[in-house]
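Contents: one structure, followed by commentary.
Where a number appears in this text, it was derived from the coordinates with a stated rule and is not lab data. Bear in mind the structure is a predicted one, so any value in this text is a computation, not a measurement. Reconstructed Cβ throughout: ideal geometry from the backbone, glycine too, with neighbour counts over all protein chains shown.
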Ligand SMILES: Cc1cc2nc3c(=O)[nH]c(=O)nc-3n(C[C@H](O)[C@H](O)[C@H](O)COP(=O)(O)OP(=O)(O)OC[C@H]3O[C@@H](n4cnc5c(N)ncnc54)[C@H](O)[C@@H]3O)c2cc1C
Ligand code: SF4
Ligand code: SF4
Ligand code: FES
């Protein structure tokens, strides 16, 4: 790229809305962002993050040379040495009979993820491949696809803006998925009734017709309510019957003031009667089984009421990051092949054989959490995995114990600091490729500036690494990789060749995104029954007799603030820097009135006790938290570990100290 | 209009004149990007210049105030520091500016001259020539007429062009503008009375486009300046803002910034970067205290700066040129005309 | 200022710990001519930069009457202040300024002066106090009331001794919480108002400190008959440019970095956010 200036159309690297923006460079240095007025998703609008899409690449602490760890110290080296060293470490582990895992990323392109999966299943012959933000999204998808096989996502945002009733399960969608929040706001402006459902009142709740406090648990009661409404709403009862058979019909305890049955009924009836209605589901909790069950309940409501079949109605699960969906569709998951094909799908396997030029491991692998305790070697693509794990601290410990950690990233993340080999790749502003938005829009991202120093595009590095491990086929460009993707994933090919394909991308909607039946068994066996647990907690919370009168809930499954793209942006990191300086020990939030009664002031420390343990932690007061509830931001889950013990909820007692 | 300030040039001669200008300075003009969006960007040939276009979403502000603007280079050798201010001395001619955008640049020039002049801005603006293309067909979202920023300008431009059927009517607004005609005198001739009449008629027609539409800045200003906008109204409007900052970043008159050092090779460049008063952290203090904690407080700030009498007095204008961009970029619904109307009526419905 | 945003390189001559998180630095421009040329008023502030980290505003804590070096007292609270605390004698930093309006010394001439400071609020007043002490006969009686959370949190401990020993000023010090060995007053700053002899009619009062202290002290003063215009304070807002351009420090149409940071209470009361 020569001197001069250019505006390069690309896709916002942050959330999964898939907004279009131009990155601008002057003399090969990034200078700023311009929204794309003609982009079908964003139409000239960007959120705070989108407006700062150039910042992390420009201001961040970048990896600019391959680094190899010698005696605890990273030493810069050349590509050849670094790649050979990485390959040797990996082959030694394989030779010793231990296993290796690979992590794709919602921050990487489809091409990079596809090659990471090839590295795992093709070169290393392992099924241990996953990505950080997959679990919560997959849980929503699995729930949705169980009863709503044809969920039409392609113009979901546009349609949402014209719906009459919107049921929104959220943490704070104005922050997590602003473009979706905009669509909902537009609908409300046009007179739509918005029902927000979440653990705390949010910015969207202020525009809502109803706010229903919603915490993990209670899904069977919710499902039953949905079922009975759906039953009345439709003459064809099959959907409702199916639901009743699958989930125990219970009723909400009369004493709970959290989810009011009457309000839920109002919401669902409005939904049923609307001529077009939307359900938007954000991954509000790290409790995957709950997400899945609740998504199933919503999907059945949508199917049972026949809303789903109505043109313009929407059922939209939201992935966390720009390419969480793409990473999954490229096969960065332990239970499926690229294209969300079953491991046993012979046609899919033979297509992959063709494009990878090698046999592949079609066995089921471990998911990210299990991987970290099992594998001896790990390849991490563009991510800082502990940020999304059940425990960040335990995740970092596990990473530091690995025999071999190979990190491909543009940024010096804490994970890259721990690596044995760090391979510098281009950032989102320096990489060609494609990403797939929450609507399934496959869009091109384009390099605006060259990667700094010795850094190379991710696809190139993954190719070289595969070659060092004995894979013969290499690619000349990101497009070259995309051509392989088109062969491996027929839906992408038909999307690209479809008439609606435009410079702003095309829609590739996979037929019935593959659920993960095995995961359901594994998850529900591993976790306590979330609904029973929660109802018990709710009851004690209300009765107040058992000694644990508060319900402590961990909210969210991912937070932007620690992510490299935000942490390295001067504009985006300010709030967070200030928060972590002022609250180095974290905090929990509680209702102002409750705090008054206990004589606790804002910022004071309190002792929080559950049947599992206790902590002393600052409390921040908030009007918007429901009485008898206390919230733990996802970022502070480790601080609450003694009380939560890796669950997302606990009944607790609070004492002023 | 003095007679020698009104000229005209045959439309087929325009490319030659512009090509001549292109040899003296970098030419910045509206161009059509590869994906249908219009950009002001450097052009190497007059053929690339758009003459009929919907105004670009990104205003030409960035040629005077880039989103990332290097101010000082900092090197260190052995703990001793050397500083070198960054000077942008490139000559640029900005052509086919829309009236509102040119007015925006005048506003920026004033705020950077006011009180302590900012040499780094003023050096740039000295090196820029501003040539506007009057809006004979006002754009749909615009309300420039309410801000005295268009569709035609009376002053402030170096040159203002008006497209007549076969000729381009050119008004000279400054010495800098006159110098743009040097070497091309033979292509220009004084405007004929008929051409002047046509130009007047075009302006009248363009103004008629707006009919009786006005933005009622006056009554909003009276209320804002005296604190007579109900808190509840601000609060209600604040609920409809998603805090994207787009309204201010895209605004031709907004210039809030932060200063940050960026690592480059063996040193740093201290840069001024666009910031927005709509961001919560804009006023966040080291103690955690924030004097503008709520969305309503920040929205109040935006409109105080843009339409209070206090600022009007200081800057000589409202901080709005009626370009309508904040209508397009707003993630919420709280754009300038909507809020001004709500303030005037004392009610907000989203 | 030739260029609004270009700092001048200055050298840290020495540093002195005031409290566990507060330190005073003596600075001198690297270019001694520039040092000689630099003129300022007490109450004005500097934008200090740690190169590569950033800039932050700090008030000049030294008096214009003492020209060998400039002094600033810095409390650690974030990025720039952390980085400053990591530096020491011989290290170079950037200095831009002086910024802001400063105290109006001429207006104080002939008046009795009352200084009330809390915690880290003494530095902005210290420059003014030394200036006045160095030109002592231009002013009436000088009374200083100073309070901090604990004896450890008192800044300029040596100078407090020095002032205590002078007979042309009255100094009262208090702490919220005593520590072993503390024999002085215990209680919040307003208790000192009871001890000092106040003359509302002839006095200009300068109040600096944490916002909550300022609020209570000013209420108290007004009740005792001090006129709003004669109660003078400094405001703190987040700043970036220090020269009235970036809009970070605005309160209404006033710019704390240009119109302030020194305001009288009447102005402060009439401000609209
Ligand atoms: C006129 C004035 C005089 C001051 N005098 C002193 C002094 O003598 N001694 C002292 O210890 N402190 C003083 N402060 C406060 C000091 O400027 C802040 O503590 C400092 O900016 C914090 O910067 P940081 O980078 O360490 O903190 P961070 O929180 O990391 O700050 C990030 C940025 O925010 C801005 N910022 C944050 N808080 C403030 C604040 N309270 N005031 C201004 N800008 C802020 C700064 O631009 C800073 O670079 C003064 C502030 C002002 C406005
Ligand atoms: S809504 Fe999402 S995709 Fe759009 S600009 Fe914001 S972070 Fe980027
Ligand atoms: S553009 Fe709209 S949503 Fe964004 S900050 Fe401005 S008023 Fe708020
Ligand atoms: S600090 Fe920039 S305007 Fe005051």
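What to note about this one:
- Cα shape, segment C:105-234, gyration tensor, a/c 1.5 rule: oblate
- The percentage of C-alpha pairs in segment A:394-437 whose separation is greater than 18 Å is 39%.
- Order of A:379, C:232 - criterion: other Cβ atoms within 10 Å of each residue's Cβ, fewest first: C:232, A:379
- Spin-label proximity, residue A:27 to segment B:52-84 - amide N less than 11 Å from point 7 Å beyond Cα toward beta carbon: B:70
- Remark: relative contact order (chain B) = 21 percent; criterion is Cα-Cα distance under 8 angstrom and separation of 6 or more residues.
- One decimal place: the segment residue B:176-residue B:12 gains 56.7 nm when fully extended, by the rule 0.36 nm per residue minus the C-alpha distance.
- Tilt relative to chain C, helix C:211-223 - C-alpha long axis, 0 to 90 degrees, to 10: 40 degrees
- Cβ neighbours within 10 Å from other chains - mean over B:244-253: 4
- Percentage, to the nearest whole number, of Cα pairs in segment C:86-179 over 20 Å apart: 47 percent
- Distance from the alpha carbon centroid of segment A:305-382 to that of segment A:35-104 works out to 20 angstrom.
- Under the criterion of Cα pairs below 8 Å and six or more residues apart, the relative contact order for segment C:105-234 equals 29 percent.
- Order of A:111, C:273 - criterion: other Cβ atoms within 10 Å of each residue's Cβ, fewest first: C:273, A:111
- Label-point gap, in nm, between residue C:168 and residue B:230 - each point 7 angstrom along Cα→Cβ: 6.1 nm
- Residues residue B:84 and residue B:4, FRET efficiency given R0 of 41 Å [Cβ-Cβ distance, rounded to 0.05]: 0.40
- Each label was represented as a point 7 Å from its Cα along the Cα-to-Cβ direction; for residue B:310 and residue A:209 these points are 4.2 nm apart.
- Kirkwood Rh in Å, taken over all unlike Cα pairs in segment A:349-425: 13.7 Å
- FRET efficiency for residue C:178 and residue C:109, using Cβ-Cβ distance with R0 set to 56 Å, rounded to 0.05: 0.90
- Counting every alpha-carbon pair across chain A, the share separated by more than 32 Å comes to 48%.
- With each label modelled as a point 7 angstrom along the Cα→C-beta vector, the residue C:21-residue A:622 pair spans 2.5 nm.
- Rg to Rh quotient for the protein assembly as shown, alpha carbon positions, Kirkwood Rh: 0.98
- Unit Cα scatterers, Debye sum, segment A:5-58: log10 I(q)/I(0) for q = 0.16 Å⁻¹: -0.39
- Shielding of peptide B:75-86 by partners, expressed as the average count of other chain Cβ atoms within 10 Å per residue Cβ, is 3.
- Of all DSSP beta bridges in segment B:100-219, antiparallel share, percent nearest 5: 60 percent
- DSSP-defined antiparallel bridges as percent of all bridges, chain A, nearest 5: 50 percent
- For segment C:8-99, averaging the sequence separation of C-alpha pairs within contact (under 8 Å, six or more residues apart) and dividing by the residue count gives a relative contact order of 39 percent.
- Zero-based 10 Å bins, Cα pair distances in segment C:4-84, whole percents: 17, 55, 27, 2
- Solution diffusion estimate, µm²/s, Stokes-Einstein, chain B, Kirkwood Rh from C-alpha pairs, 37 °C, viscosity 0.692 mPa s: 150 µm²/s
- Between residue B:32 and residue B:197, the FRET efficiency estimated from the beta carbon spacing at R0 = 25 angstrom works out to 0.15.
- When each of the peptides B:27-36, A:157-166 is scored by the mean number of other C-beta atoms lying within 10 Å of its residues, the order from highest to lowest reads A:157-166, B:27-36.
- Net lengthening on full extension, residue B:91/residue B:265 (0.36 nm per residue, minus Cα-Cα): 59.9 nm
- Value of Rg to Rh for segment A:549-656 (Rh from inverse mean 1/r over Cα pairs, i.e. Kirkwood): 0.99
- The Cα trace of segment C:54-121 gives Rg and Dmax of 14.9, 43 Å, the first to one decimal, the second as a whole number.
- Exposure proxy shown here: for C:259, B:208, C:134, the number of other Cβ atoms within 10 Å sets the order, fewest to most, as B:208, C:134, C:259.
- Antiparallel bridge percentage (DSSP; both residues within segment C:9-160; nearest 5): 80 percent
- With a 10 Å cut-off around each Cβ of A:199-211, the average count of Cβ atoms from other chains is 2.
- Distance-filtered residues of segment B:39-57 - backbone nitrogen under 16 Å, label point 7 angstrom along residue B:23 Cα→Cβ: B:44-46
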